[in-house]
1. Keeping the other protein chains in place, figure out the carbon and sulfur percent of the accessible area of the range 186-289, with a 1.4 Å probe.
2. What FRET efficiency, computed as 1/(1 + (r/R0)^6) with R0 = 45 Å and r the Cβ-Cβ distance, is obtained for V293 and E237, rounded to the nearest 0.05?
3. Give me the percent relative contact order of the range 118-261, please, defined on Cα pairs under 8 angstrom at least 6 residues apart.
4. I need the shape label for the range 180-312. Rule: rounded when a/c is under 1.5, else prolate if a/b > b/c, else oblate, with a, b, c from the alpha carbon gyration tensor.
5. Label the range 92-136 by shape, choosing from rounded, prolate and oblate, from the square roots a ≥ b ≥ c of the eigenvalues of the Cα gyration tensor; if a/c is under 1.5 it is rounded, and otherwise prolate applies when a/b is larger than b/c, oblate when it is not.
6. What accessible area, in Å² to the nearest ten, does a 1.4 Å probe give for Y167?
7. Probe of 1.4 angstrom, ligands and nucleic acids ignored: what's the accessible area per residue over the range 182-258, in square angstrom?
8. Sort C175, C314, C206 by accessible area with a 1.4 Å probe, largest first.
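The values are calculated or read from the model by the stated rules, or taken from the named source; none is laboratory data. Predicted model, so just to flag it, every value in this text is computed and none were measured. Cβ atoms come from the backbone with ideal geometry, glycine included; neighbour counts cover every protein chain shown. Remember, those area values only see protein heavy atoms, side chains included, never the ligands or the DNA or RNA. Shrake-Rupley method; radii C 1.70, N 1.55, O 1.52, S 1.80 Å.
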Amino acid sequence: MDSVSLSEVTVMRRTHLGFMQSFRQPFSGVTMSPKFYHSKGTRAISSSVSSTKSQYVYGESLAAIADSDYKMNGLTLKNRISSVKERLLLYAFDDEYGGVVVDHGKLPSSPTVFTSMLQSSLSDWRRKGKKGVWLKLPVEQSELVPIAVKEGFEYHHAEKGYVMLTYWIPEEEPCMLPANASHQVGVGGFVLNQYKEVLVVQEKYCTSSNTDLWKLPTGFINESEEIFSGAVREVKEETGVDTDFLEVIAFRHAHNVAFEKSDLFFICMLKPLSDKIIIDNLEIKAAKWMPLVEFVEQPMIKGDKMFKRVIEICEARLRHRYCGLSPHRLVSAFDGRPSSLYYNVVDDDDDPSHSNCRAEFY
């Protein structure tokens, strides 16, 4: 049997003693089999394994006891002790990378019990050659977080209802666990109507230098939300205008933005389906349809080389001198899931409908 901790030995010894006592009671006054006897002064068990008589003393040779074949109530003593040891470990399942994921739905409620089980589990996983450990602790059991940290776990990420901790077991190998998400994803909607007016907003909360700036409706993508649907949603939420997504015109990649994360910002061209403006009073101070020529003449826009280039790209797209990226739903054999692949096709002789570069915006 594998080596166990002192706490495991104590529990198994007590279980074994209690089990033996319960076993003897029904046979009070009955002649016992030579396999079992009680010697004066020392409780012992005698068995014959491979014609060799051995003696085992309670609490002093659990390995030998576990290897014996005594049957009690239909169970061997070895199975009973193994069962006790298993109950000392946290419930977990193997992942596909040689690590384990702890079942957060079966965590003990007692911090003391959690400490013992965590220590025993780490020993067991180390012995089995496991690598990374993922430990998700719900906010309702936040008192377990400092215990795990004390045992060597590190913070990975936190959400509203939980904190995720990780532990890398192999000391001789660099940690191969993937890091927390490194990017946030934003979208901006470039909506142009038939009068060459662009839909713009003024935000309620902004820096003093941008107080009077008219800008595109922007926002962040929600979890499990597509870029194209996020752009349509943000425009609708801020201005009340319904739109159709056309294509991604360009995207910006910046670093050390919010919370020291990198930022991906996708500029999307949208076709208006309505023109009535109903602003979101929580975020937006004002919104309107603004002539494109007036929009680009704003000092802040004219002084921003990158945004000026974005407007140039949008104007080139209107003249069919540039083609953006449109989403195409495809299924990958790697995971069997549908996903969006963004690309453009200038000319497809086999299927002209594949070309999104001929689309009109109004």
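1. C and S fraction of accessible area: 52 percent.
2. For V293 and E237, the calculated efficiency is 0.95.
3. On the way: 149 pairs, mean separation 23.1, N = 144.
The value is 16 percent.
4. Rounded shape, in that the Cα axes give a/c under 1.5.
5. Oblate shape, in that a/c is at least 1.5 and b/c is the bigger or equal ratio.
6. Counting only protein heavy atoms, Y167 exposes about 40 Å² to solvent.
7. Details: 3760 Å² over 77 residues.
Here the residues of the range 182-258 average 49 Å² of exposed surface.
8. Result of the area sort, largest leading: C175, C206, C314.
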